[in-house]
Amino acid sequence: MTDQIEKAITREYEAGFTSSIESNTFEPGLNEEVIARLSAIKGEPQWMLDWRLKAFASWKKMPEPHWAHIDYSKIDFQAISYYSSPKSMDDKPKSLDEIDPELLATYEKLGIPLMEQQMLAGVAVDAVFDSVSVVTTFREKLKEAGVIFCSISEAIKEYPELVQKYLGSVVPRTDNYYAALNSAVFTDGSFVYVPKGVRCPMELSTYFRINEQNTGQFERTLVIADEGSHVSYLEGCSAPQRDENQLHAAVVELVALDDAQIKYSTVQNWYPGDEQGRGGIYNFVTKRAMCHKNAKVSWTQVETGSAITWKYPSCILRGDNSVGEFYSVALTRGRQQADTGTKMIHLGKNTRSTIISKGISAAQSNNSYRGLVKMMPTAEGARNYTQCDSLLIGDQCGAHTFPYIESRNPSAIVEHEATTSKVSDDQLFLCQQRGINSEKAVSMIVNGFCKEVFKQLPMEFAVEAGKLLEISLEGSVG
Amino acid sequence: MLSIKNLKASIAGKTILKGLDLTVNPGEVHAIMGPNGSGKSTLGYVLSGREAYIVEEGSILFEGVDLLTMDIEERALAGLFLAFQYPLEIPGVSNLEFLKAAVDAQREARGEPLMSSKEFLSAAREACKAVRLPTEFLKRGVNEGFSGGEKKRNDILQMLMLQPKLCILDETDSGLDIDALKLVADCVNSQRDAKRSFIVVTHYQRLLDYLKPDYVHVLSEGKIIKSGGPSLAPELEEQGYAWLARQPGEEKSL
């Protein structure tokens, strides 16, 4: 029976192809000069370069963190190239017609057509290929509503006041080892500003693709939702199949001002490495949101890729009555290792947070939930509810839960529930006896387990997430 | 329909069935009774192809095809249905989703067009009515939080939806109150026709009073030691199995 489960969960990595696109790639290595060159290529102002260099100076003094429940050989930061862009991007194309067709084909193959007429109505896309943003669609339409959606590189030049005010305001340069590295060398990413009282008219999304060998991807995303505004943002990612590990160290900062709402969803499908654990992306990501008065931020993530995932999307609930939510499905198979979870820091009165985490481990993988719920003395009447469920498939995988709870306010209420279950042979037998094949049975059981989280995803991503887990969408009947 | 010859089967190295013979013709209802541990449930599992059960000797033909070369799913798609002694829960997977997947698989295997959601839903509602489960149960996880009796009725509901050719009911009556027992018997009776056959494993005569089986067999220590008509059941109820075990001379196979 276990063989059948194995078969059901070992699938080819479909996004593993390589595109032959001529690129300008830096020699591996990292020092002040590399950072200056990178900043110069991007035509950045002096303040940005200074900011990067300060981050680099702090990074050099920081030790690499090893507290996570993951195991990997030391990363040689000097063996990585810190900048790579498709050659055709040298003179930034002005319209889609000027973009390298191979590049468009790459996104097409991934199911993300960049031609606006072919796109899913109602979703604007920023496509980031290696170190640069190649195109941002529907910009004009968004501008009519006053919404700014562009690459962070453009934002640095065109909206320096906003960037200077908010960059590093949620994740400071010196926050942690990988955030400091990102601050020094980030190459591109998305920038969103939704003005006061505006409900963003469409879903915004960024699709990240690593193509070039031996390069790291360091993207930086900054989303600012001004007072009373609403925005939903989606992010997806994939990479070619390569035998070496590649580093991805991103920083995402969300600022939800008074009464604003941000919904941030991720479907992460970086190359996970092969069955022996060769290759795959090392995904070290810092994601954090600052929630002001009455603001609400929801993080929803479906993590299926990466050799290593180190990621804790967090909310600082600073304003009174602010709300933080974290819905997560993390699936590990092969020899994947995931250490993921969230942090909810309650500062304001009556702040509320909900954490629903579903970990699925198969084959020889290791899946850990790590979460911190912190009630500060000022968090009068704050509440948290945490539910952590683990599902084991087979008998060689591991599931771990590391919940940290700190309550310094006696009026705060913290609830934590955790369960572990197994896809049993009996359940599979029942399905098969009714004529349902084991592949379909496993995905049905897994889908059932993840239901609460999938419900949170925007429609388009729910489809993608469903496909990722080889699941036919719930609700197709009745 | 089904022809079992000299079936010997084991689990975890222990031989349970020790030369079982049984022939079931289309439209027949066969009851199998016998003491605990005699191999009644094993027979159901072996017929459905459960991996842990190893067939050591003998043959099983199902509609003339060698059942032993088929896997669990193929047997199910060929029309073999097992109602469980202890139906399992599959949390999070709704009854409706589960039924649809099963019915789709069956129809696909038979090359029939899939039912539309509307057709399917009304069929499922009908089936619910027949087993007297509220239609809300369709939205709940498979057997999730169901009572013992509800689980058994849910198994029968699956049988009604799948319309199998051979139904093996493994102590479906155990744990049912009198009304539920009558209900299950009514459902089975409603499904009886000249083509559909049943193997009913039970400890109690009461179910057989309602079902009126064509044959009653006694399984003991892995063999059928006595076969007879419906009148055998009350005899067993009265006298137990011990007298049979003492008279190996009475052994008879169909």
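Since every read-out is calculated from the coordinates, none of them should be taken as a lab result. These numbers were taken from a predicted model, which means no experiment stands behind them. Neighbour counts run over all protein chains shown; Cβ positions are idealised from the backbone, glycine included.
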* Structure fact -> Quick note, the range B:89-163: a/c under 1.5 would make it rounded; otherwise a/b > b/c is prolate and the rest oblate (a ≥ b ≥ c, C-alpha gyration tensor); here it is prolate
* Asked: What residues qualify as long-range amide H neighbours of residue B:168, i.e. H under 5 Å apart, gap of 5 or more or another chain, H built at 1.01 Å from N?
  -> B:81, B:82, B:83, B:199
* If you line up the long axis of helix B:178-191 against the longest principal axis of chain B, both from Cα atoms, how many degrees apart are they, to the nearest 10? -> 80 degrees
* Taking A:302, A:323 and counting other C-beta atoms within 10 Å, the order from fewest to most -> A:323, A:302
* To do: Would you mind calculating the relative contact order of the range B:41-184 from Cα pairs under 8 angstrom and at least 6 residues apart, reporting the percent as a whole number?
  => 32 percent
* Structure fact -> Listed by chain and number, the residues whose amide H is under 5 Å from that of residue A:371, excluding neighbours fewer than 5 places away on the same chain and using placed H, are A:342, A:402, A:404
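Got a sec? How would A:67, A:310 order by Cβ neighbour count within 10 Å, fewest to most? Kindly include the intermediate steps, with their values, before the conclusion.
Values: A:67 8, A:310 23.
Ascending Cβ contact count within 10 Å gives the list A:67, A:310.
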* Structure fact -> Gyration tensor on Cα atoms of chain B, a ≥ b ≥ c root eigenvalues, a/c under 1.5 rounded, else prolate if a/b beats b/c, else oblate, says prolate
* Structure fact -> Long-range amide H partners of residue A:412, meaning residues 5 or more apart or on another chain whose placed amide H is closer than 5 Å, are A:381, A:382
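Considering Cα pairs under 8 angstrom that are at least six residues apart, work out the relative contact order of the range B:15-117 and quote it in whole percent.
After rounding, I find 18 percent.
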* Residue-averaged 222 nm ellipticity for chain B, from DSSP H runs of 4+ at -39500 (n - 2.57), nearest 500 -> -11000 deg cm²/dmol
* To do: Specify the residue with the greatest mean-square fluctuation among B:117, B:190, B:94, computed from a Gaussian network of chain B linking alpha-carbon atoms under 10 Å apart.
  => B:117
* Pull out the extension gain between residue B:3 and residue B:204, defined as 0.36 nm times the separation in residues minus the alpha carbon to alpha carbon distance; nm, one decimal. => 69.8 nm
* Neighbouring Cβ atoms within 10 Å as the yardstick, rank A:265, B:231 fewest first. => B:231, A:265
